[in-house]
Amino acid sequence: MSTFAVRARGSSSIVASLGTPKQQPSSARPRLIRNAPVFAAATTTVVGMDHIQRLQSGFDKFKTEVYDKKPELFEPLKDGQAPRYMVFACSDSRCCPSVTLGLQPGEAFTVRNIAAMVPPYDKTKYTGIGSAIEYAVCALKVEVLTVIGHSRCGGIKALLSMKDGAPDNFHFVEDWVRIGFQAKKKVLTNHGSVPFDDQCTLLEKEAVNVSPLNLLTYPWVKEGVAAGTLKLVGGHYDFVNGVFSVWEK
């Protein structure tokens with residue numbers, strides 16, 4: 001495992017944790033959990049500015065400070081995209097891969113979901129993820145499939161907290177994070193005596209290692225890896241200590 005620095009080529013969520021809501025009837029909608037943020041995030045929102053104004057002002061700043069100043073980057077993108085990377089990252093609002101890795105527009109085809117998990121090939125159950133992988137590999141010809149976990153991940157905490165036989169508290173969350181069940185089993189087997197928070201940290205990285213194995217169940221990914229045209233990479237972003245680690249699978 002090593003520290004990773006991204007090089008631009010060519011033209012260049014869950015706030016705290018998922019928590020455990022009060023048990024709801026199976027037909028009821030789970031109540032929204034409002035957790036206090038782990039850290040107070042800096043904001044550029046002007047007092048009195050509403051949500052729509054915040055989005056518009058954010059774009060206006062991007063337009064004048066980035067878009068208008070980099071025509072050599074944005075003009076070619078008007079004709080199409082040719083990203084080198086496909087990145088799977090968590091939906092957590094603290095972990096934006098374009099920001100943390102310095103990825104430029106057009107450089108990475110990105111999928112974000114809870115805990116940055118990649119499910120195995122299934123034409124009926126995970127078509128949203130499957131179609132993204134198929135398009136990225138077969139149409140866009142990406143070269144690197146990268147899965148990035150992160151510190152203090154609510155999805156990982158939910159996975160580790162699940163008890164066998166216990167009813168689900170959410171309509172979708174538990175079923176989704178079960179994708180990482182084998183990683184959870186490995187962590188509990190090898191590190192069952194360490195504190196829960198330490199197990200979460202271990203599982204954040206071990207769950208990443210499940211996704212490359214699942215990626216190989218997609219025929220076009222397996223063919224690309226065998227042919228040497230695709231690489232599978234795992235990563236972990238520790239925003240508590242400001243560290244990014246990367247490893248090839």
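The values are calculated or read from the model by the stated rules, or taken from the named source; none is laboratory data. Only a predicted model underlies this, so the values are computations on that prediction, with no experimental measurement involved. Here the Cβ is made from the backbone with ideal geometry for all residues, glycine too, and neighbour counts use every protein chain on show. Keep in mind that these areas ignore ligands, DNA and RNA; they rest on the heavy atoms of the full protein, side chains included. Shrake-Rupley method; radii C 1.70, N 1.55, O 1.52, S 1.80 Å.
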Original post:
Can you tell me the accessible area per residue over segment 80-248, all protein chains present, probe 1.4 angstrom, in square angstrom?
Top reply: 47
Subject >> Protection proxy ranking of 103-115, 52-64 - average other beta-carbon atoms within 10 Å, highest first >> reply: 103-115, 52-64
Original post:
Once both labels are modelled 7 Å past Cα along the beta-carbon direction, what's the Phe62-Asp175 spacing in nm?
Top reply: 3.3
**OP:** Taking H placed 1.01 Å from N in the peptide plane, check which residues at least 5 places from Lys231 or on another chain put their amide H under 5 Å from its amide H.
**Re:** Val144, Leu145
**OP:** Would you please give the residues with an amide H less than 5 Å from that of Val87, counting only those at least 5 places away or on a separate chain, with H modeled from the backbone geometry?
**Re:** Phe109, Thr110, Val111, Thr146
Original post:
Cross-link partners among aspartates and glutamates for Lys205, C-alpha distance below 15 Å, same-chain residues fewer than 8 apart left out?
Top reply: Asp197, Asp238, Glu248
Original post:
Cross-link list Lys125/Lys163; Lys123/Lys231; Lys69/Lys141; Lys141/Lys231: which exceed 18 angstrom alpha carbon to alpha carbon?
Top reply: Lys125/Lys163; Lys123/Lys231; Lys69/Lys141
Original post:
What's the local net charge at Glu75, with K and R +1, D and E -1, over the other residues with C-beta under 14 Å away?
Top reply: 0
Subject >> Neighbour net charge for Val225 - beta-carbon separation under 10 angstrom, K R +1, D E -1 >> reply: +2
**OP:** Using Cα pairs closer than 8 Å and at least 6 residues apart in sequence, work out the relative contact order for segment 97-163, in percent.
**Re:** 33
Original post:
For segment 212-245 and segment 134-169, what is the separation of their C-alpha centers, rounded to whole Å?
Top reply: 12
Original post:
Which percent, nearest 5, of DSSP beta bridges in segment 80-248 are antiparallel?
Top reply: 25
